[in-house]
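Step one of this worksheet: look at the structure below.
The values are calculated or read from the model by the stated rules, or taken from the named source; none is laboratory data. Being a predicted model, the structure only gives us computed values, none of them experimental. When we count neighbours, we look across all protein chains shown, and the Cβ atoms used for this are built from the backbone with ideal geometry, even at glycine.
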Amino acid sequence: MGDQPTKNVVWHKTSVTRAERAAIAGQKSAVLWFTGLSGSGKSTIANALEVRLNRAGKLTYLLDGDNVRLGLCADLGFSEPERRENNRRIAHVAKLLWDANVITLVSFISPFRTERETARKLIGVDFLEIFVDTPLGVCEMRDPKGLYVKARKGEIAQFTGITSPYEAPENPEITLHTDLESLEESVERIIALLAQRQYL
Ligand SMILES: Nc1ncnc2c1ncn2[C@@H]1O[C@H](COP(=O)(O)OP(=O)(O)OP(=O)(O)O)[C@@H](O)[C@H]1O
Ligand SMILES: [Mg+2]
């Protein structure tokens with residue numbers, strides 16, 4: 001009792017390396033980590049980008065926050081420690097997919113800077129943080145899921161931007177302004193970065 005759970009666990013090195021998998025997959029993987037307020041456009045942009053990448057013959061996977069919360073993280077709520085645990089699990093799943101050479105798109109609010117930085121450290125240079133910097137007022141006007149209305153009525157506790165904090169990234173690889181640029185323009189900017197970094 002009291003021992004760290006991983007105390008007697010030793011990493012087993014696999015015989016097949018990531019580089020060998022990459023040679024078979026014929027692609028270089030990255031983790032595209034979208035962060036921003038609810039309604040900022042993370043899922044919309046990630047979906048549109050994934051379509052483009054698939055058309056270009058790339059193997060991708062989109063880890064969308066809502067979908068993850070319906071499965072892997074169905075036991076987690078929205079308190080600060082639960083959001084941190086949600087982030088930790090998603091970061092590790094993203095790393096597994098990245099290690100399997102899949103271009104991985106991650107779209108959930110991920111409000112805490114330290115947790116996103118932990119994910120960045122876990123994945124390394126292939127971690128690309130995409131800040132969907134849509135003003136709260138615009139997100140609230142859009143309210144695609146009707147959540148802001150509920151949050152303002154006090155029907156949802158700990159709602160990001162209203163009753164729970166959002167810590168904006170300090171050095172994201174890309175900042176998108178969805179109130180000023182179209183969905184297509186946002187997707188193009190990400191594609192350009194991927195091409196520049198030789199993922200495409
Ligand atoms: N330029 C744009 N880029 C992306 N979405 C836009 C843009 N302009 C308007 N929208 C609209 O904004 C809404 C964004 O909703 P979306 O579900 O993608 O947000 P989200 O960031 O995934 O939120 P959540 O954290 O709640 O999942 C959609 O209704 C979308 O059509
Ligand atoms: Mg979403």
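Of note:
- Of note, GLY39 satisfies the criterion of being within 12 Å of ligand 1 (Cβ to nearest atom), assigned to a loop (DSSP other than H, G, I, E, B), of a type outside the set (A, V, I, L, M) and at positive phi.
- Extreme residue, farthest from the chain's Cα centre (by Cα), among residues of region 85-125 that are within 16 Å of ligand 1 (Cβ to nearest atom) and among the small types (Gly, Ala, Ser): SER110
- Restricting region 51-70 to residues that are over 21 Å from HIS92 (Cβ atoms) and part of a helix (DSSP H, G or I) leaves a set whose member that is farthest from ligand 2 (Cβ to nearest atom) is ARG55.
- GLY39 being closer than 16 Å to PHE159 by Cβ, at pLDDT 95 or above and within 13 Å of ligand 2 (Cβ to nearest atom): yes
- VAL149 vs. criteria away from ligand 1 (no atom under 11 Å from the Cβ), out of contact with any Phe, Trp or Tyr (no Cβ under 7 Å at 6 or more places or on another chain) and of a type outside the set (S, T, N, Q): yes
- Residues of region 171-183 that turn out to be over 16 Å from the mean Cα position of the chain (by Cα) and touching a residue at least 40 places away in the same chain (Cβ under 8 Å), as a count: 4
- Residues that are without any contact (Cβ under 8 Å) to a residue 40 or more places away in the chain and on the phi > 0 side of the Ramachandran plot were ranked within region 145-161; the one that is surrounded by the fewest Cβ atoms within 10 Å (Cβ to Cβ) is GLY146.
- Residues satisfying the stated conditions in region 91-114, i.e. within 16 Å of ligand 2 (Cβ to nearest atom) and outside any loop (DSSP other than H, G, I, E, B): ALA94, THR104, LEU105, VAL106, SER107
- Considering region 51-62, and only residues there that are closer than 23 Å to ASP133 by Cβ and surrounded by fewer than 21 Cβ atoms within 10 Å (Cβ to Cβ), the residue that is nearest to ligand 1 (Cβ to nearest atom) turns out to be LEU62.
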